[in-house]
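J.: This structure is in structure tokens; I'll ask about it shortly.
The values are calculated or read from the model by the stated rules, or taken from the named source; none is laboratory data. Note that this is a predicted model, so its numbers are computed, not measured. We place every Cβ from the backbone using ideal geometry, glycine too, and count neighbours over all the protein chains shown.
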Amino acid sequence: MTTATEQPSRQGAVTGWASGTKQALDRPLTSYYLLLGASTLLLTIGLMMVLSASSVEAYKTYGSSYHYFLKQLMWVGIGLPVAWVASRLPHGFLRRLAWLVLLVSTVLLVLTQVPGLGKEVNGNTNWLALGPLTIQPSEFAKLAIILWCAHIYARKERLLGDWRHTLIPVLPVTGLLTLIVIKGGDLGTALVLFAIVLGMLWVVGAPGRLFGGALLVVAALALYLASTSAERLERLTNFVDPFKNYEGAGWQAAHGLFAMSSGGWFGKGISASQQKWGSLPEAHTDFIFAVLGEELGLVGTLLVLALFLTIAYAGIRVALRTTDPFVRYMAAGITVWITAQMMINIGMVLALLPVIGIPLPLVSYGGSALLPTLVALGLLVSFARSEPGAREALAARRRRRPAGAAAEGRQHGRGK
């Protein structure tokens, strides 16, 4: 039985906890530490899951269970210094790069359709063979579109009350890039690009009727693309019940569900997945979340989801707190990109969406996806450092460290 004195004390504890949490979230460096912490944890989980999910396929194909893991580790080794450099670039310099980055991305996308340069993977001609290096330009195009759109909208900040300025030139240019991606057969990446553009339009205040029309256009385009490919049509029409065509188009989605459902609360343990032994195609890329659910269980999947939502919260917080329109649009675009891609990938694994070949950011294998994502997160960290009071707080923290070390040294000397 609860006494009269116990109830107020519990209420006071809850109030104190809520107040402490609010104070922690209101600190200038909150976004900075949330982005660093969540990104680091996701990258670590990703490396661990790539090693586990790819070990069987790597051993069968290359004779070494570490083949894919070592390549992913190499890309992490390249991506982290590049992300650090990106986090140190002045925002004005970034804006001067916008047109150049967009032009380079467009050229690379066009080259994927050139015979001899473009490489077909799983029915999609969206890869570019550059000697020993094979890249997917559409992954870099995501960041290029965000950078360019943020630059354009920041320049036209005072004109965005007119809906025509919100659409031109952004919609024609991004539409052209999306059509090039679609021509290569990559419907999944095209949907992510579409989500990025819609997110940017929403942030700048485009009229609501535009979104309804855009959704109708995308639905019609998706149906048209499905009708041009029997395999794509089968995937789109069977995702609701993958067991209806278990031996055909439903095979991958069904085995993804087997993996997720067999994990239970805490999973079978790292490297204990059964589906990765050949039943689940693309276990270390598009369907790595299914292996994660099988090995780490519901707790592991919820942890990964919470880390992505932490990045989304920090990105939105940066966009809301900044006074720089370029930073606001850039932070919002990056947040929309990573969050939308995460939702599409997880929805695909859970059979809530068709299997359209989208990697899970920071977790799935692949350098073409990992490198631009790390650069984007490096830019978000840079924007978080520019929040009101953040630079001062970082400088004060750096000053306290030498002072604390000196005091410890003096105390140690007196002890002797």
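J.: Quick test for you: out of Glu231, Glu282, pick the one residue that is modelled with pLDDT under 75 and over 29 Å from Leu34 (Cβ atoms).
T.: Glu231 is the lone residue from the list that is modelled with pLDDT under 75 and over 29 Å from Leu34 (Cβ atoms).
J.: I need the full set of residues from the stretch 143-188 which are of a type in the set (Val, Ile, Thr), farther than 22 Å from Ala319 by Cα and either part of a loop (DSSP other than H, G, I, E, B) or under 18 Å from the mean Cα position of the chain (by Cα) (or both), in order please.
T.: Selection gives Ile168 alone.
Residue-wise test of (1) closer than 20 Å to Ala384 by Cβ; (2) among the β-branched types (Val, Ile, Thr); (3) outside any helix (DSSP H, G or I); (4) touching a residue at least 12 places away in the same chain (Cβ under 8 Å).
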{"residue": "Ser87", "(1), (2), (3), (4)": "yes, no, no, yes"}
{"residue": "Trp99", "(1), (2), (3), (4)": "no, no, no, yes"}
{"residue": "Glu120", "(1), (2), (3), (4)": "no, no, yes, no"}
{"residue": "Ser138", "(1), (2), (3), (4)": "no, no, no, yes"}
{"residue": "Ala141", "(1), (2), (3), (4)": "no, no, no, yes"}
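J.: Then there is this: Kindly check whether there is at least one residue in the stretch 195-208 that is aromatic (Phe, Trp, Tyr), without any contact (Cβ under 8 Å) to a residue 12 or more places away in the chain, within 22 Å of Leu320 (Cβ to Cβ) and surrounded by fewer than 17 Cβ atoms within 10 Å (Cβ to Cβ).
T.: The answer is yes; a qualifying residue exists.
J.: Still on this structure: Being of a type in the set (Val, Ile, Thr), within 30 Å of Arg328 (Cα to Cα), in a helix (DSSP H, G or I) and touching a residue at least 12 places away in the same chain (Cβ under 8 Å) narrows it down to one of Val304, Val291, so name that one.
T.: Val304
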